[in-house]
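J.: Take this structure, written in structure tokens, and hold onto it; I'll ask about it next.
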Amino acid sequence: MIGSVIFDLLSKTAALTAVVPAAKITPVKRLQASLLPAITYQVVDCIPTDTKDGVSKLDRRRVSVNCWSLTYTQASTLAALVRSALDRYTGTNSTVMVDKIIFDNLIELYEDEPQVYHHIVDFIVRIKN
């Protein structure tokens, strides 16, 4: 559900897809065979709004978007483009009512094996149910 929103927003951002084609923006798992740069995304947690009389009307989800690259500069650029594409988005997308997407955190990593830069951009996504 929220994955389709994230994919749609990222894959329709021209500045981002100029660097990472939509085919390299995938949920959860990056195929090792895919050339870099690439982007993956996943829902890390979901916190419902507690109500006394029914199901949650608003869920708060943490979404991590992972930017993979062979260079630090490109990973940083991708992270900035991802933030620009998602931060403060509000609206209905793929029948999902997004109250707001809010940038929450940035983590910069380097992985010795397979020698790639990996920047994680975290967002809080508020979904109306």
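The values are calculated or read from the model by the stated rules, or taken from the named source; none is laboratory data. Predicted model, so just to flag it, every value in this text is computed and none were measured. Note that we place each Cβ from the backbone using ideal geometry, even for glycine, and neighbour counts take in every protein chain shown.
J.: Hey, which of the strands (runs of 3 or more DSSP E) in the stretch 64-129, taking only ones fully inside, have at least 1 residues that are among the aliphatic types (A, V, I, L, M) and in contact (Cβ under 8 Å) with a residue 60 or more places away in the chain?
T.: 96-111, 116-128
J.: Of all residues being surrounded by 14 or more Cβ atoms within 10 Å (Cβ to Cβ) and either of a type in the set (S, T, N, Q) or outside any strand (DSSP E or B) (or both) in the stretch 41-63, which is modelled with the lowest pLDDT? Just the residue, please.
T.: Among those residues, the one meeting the criterion is S56.
J.: Just to verify a result, which residue in the stretch 64-73, among those that are β-branched (V, I, T) and over 15 Å from the mean Cα position of the chain (by Cα), is surrounded by the most Cβ atoms within 10 Å (Cβ to Cβ)? Let's see the steps before the verdict.
T.: Initial filter on the stretch 64-73 (β-branched (V, I, T)): 65, 71, 73.
Going one step further and asking which of them are over 15 Å from the mean Cα position of the chain (by Cα), we end up with 71, 73.
Values: T71: 12, T73: 9.
Residue satisfying both the conditions and the ranking: T71.
J.: Tell me which residues, restricted to the stretch 6-22, are without any contact (Cβ under 8 Å) to a residue 60 or more places away in the chain and of a type in the set (A, V, I, L, M, F, W, C).
T.: F7, A14, A18, V20, A22 - these are the residues of the stretch 6-22 that are without any contact (Cβ under 8 Å) to a residue 60 or more places away in the chain and of a type in the set (A, V, I, L, M, F, W, C).
J.: For residues in the stretch 23-40 being surrounded by 12 or more Cβ atoms within 10 Å (Cβ to Cβ) and in contact (Cβ under 8 Å) with a residue 24 or more places away in the chain, which is farthest from D99 (Cα to Cα)?
T.: Only one residue tops the list, namely L36.
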